[in-house]
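Peer 1: Below: one structure in structure tokens.
Quick note: the coordinates plus some simple rules give every number you see, no bench work behind them. What you see is a predicted model, and the numbers here were worked out from it, not measured in a lab. Every residue, glycine among them, receives a Cβ derived from its backbone with ideal geometry; neighbour counts consider all protein chains shown.
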Amino acid sequence: MSRVQVKSPQQQALMRASGQLLSQVFAMLDEFVAAGVTTMEIDRQVDDYIVKTLNARPASKGQYDYPYTLNCSINEVVCHGVPSASRKLKNGDIVNLDITLEKNGFVADSSKMYLIGEVTPAAHKLVKATYAAMWKGIAQVRPGARLGDIGHAIQKYAEHCGYSVVREYCGHGIGREMHEAPQVLHFGRPHTGEVLQEGMTFTIEPMINQGTHKTKTLKDGWTVVTRDKKLSAQWEHTVLVTADGYEVLTLRAEETDLHRKPESRP
């Protein structure tokens, strides 16, 4: 990766606009994602909405020769799940929908977990803990803090809950490119790593497993699953370092009233 790209106020405004558009995609999906819907139908719905309604570009489509608009990772799939015309969501599934969007030259990246019908208490607990772990990491963001502070906060919380943190995949800087410097690990030691500066933008996107943190990639070359077949969950936001802390650029409407209380988020 290249050097960290600190964003000017004008660039921050463009990234904020992209993030707000992406939050609208998830608001649309809240009414669409349900048992019986195929993951390919979700992909097509998102593509159509981004292009035709938001007049934006699905930034993942064509990136690294990936042919689809989103990743849909169900149950034991950790990340990079590929849409399928035959895989219907069913009662009890947990699914992460990971979506990127580019508008006016700047990219936003976010993902959300959806619980389909009645999920098991263990699955619900994992999803809730992963969400809280993401916010524990976000809460560390401020000028002068270090990337290790983010990873340590996430790891400490996840392991306290009895889970493990995936090592092979991480958050990343974001802006004109989907993947910029720095890499944002979701584990680590406090007071280590790059110092955060006002104007930095990056994703925080922990993948938390029920069992071991070890993963494997399936033969399709994309889909990453837990090695022990146990459940995995992930949430993601794009974050801006501000003068006095952070701003979540992809914050969704249902999160705004909980924005100041990371520990209380569902």
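Peer 1: Cβ neighbours within 10 Å, averaged per peptide: list 183-189, 153-159 in order, most packed at the top.
Peer 2: 153-159, 183-189
Peer 1: Going Cα to Cα from K230, which aspartates and glutamates come in below 14 Å? Please leave out same-chain ones fewer than 8 positions away.
Peer 2: The reachable aspartates and glutamates, counting only those whose Cα sits under 14 Å from K230, are E76, D93.
Peer 1: Can you pick out the pairs among K88/K214; K125/K229; K103/K128; K88/K156; K90/K216; K103/K216 whose Cα atoms lie more than 29 Å from each other?
Peer 2: Long pairs (Cα-Cα over 29 Å): K103/K128; K88/K156; K103/K216.
Peer 1: Let me ask something additional. Let me have the 222 nm mean residue ellipticity of the chain computed from DSSP H runs of 4+ only, each contributing -39500 (n - 2.57), with the sum over all residues rounded to the nearest 500.
Peer 2: So the calculated ellipticity at 222 nm is -8000 deg cm²/dmol.
Peer 1: Here's something else I'd like to know. Hey, what D do you get for region 116-194 in µm²/s if you plug the Kirkwood alpha-carbon radius into Stokes-Einstein at 20 °C and 1.002 mPa s?
Peer 2: Values: Rh = 13.5 Å.
Approximately 159 µm²/s, per Stokes-Einstein.
Peer 1: Below 14 angstrom from the Cβ of T212, what's the summed charge of the other residues (Lys, Arg +1; Asp, Glu -1)? Write down the numbers at each step before the final one.
Peer 2: Working: positive: R167, K214, K216, R227, K229, K230; negative: E76, E159, E168, D228.
Here the count lands on +2.
Peer 1: Given a cut-off of under 8 Å on Cα pairs at least six residues apart, what relative contact order in percent is computed for the chain? Please report the intermediate quantities before stating the final value.
Peer 2: On the way: 666 pairs, mean separation 61.7, N = 266.
RCO, the chain: 23 percent.
Peer 1: Another one. Identify the residues of region 201-233 with backbone N under 20 Å of a label point that sits 7 angstrom from the Cα of H179 along the Cα-to-Cβ direction, or state none.
Peer 2: 201-208, 214-226
Peer 1: Would you list the P(r) distribution for region 171-232, with all Cα-Cα distances sorted into 10 Å bins from 0 and each bin expressed as a whole %?
Peer 2: 18, 37, 32, 13, 0
Peer 1: Taking Rh as the Kirkwood radius, which is the inverse of the mean 1/r over Cα pairs, what is the Rg/Rh value for region 149-262?
Peer 2: That ratio is 0.98, to two decimals.
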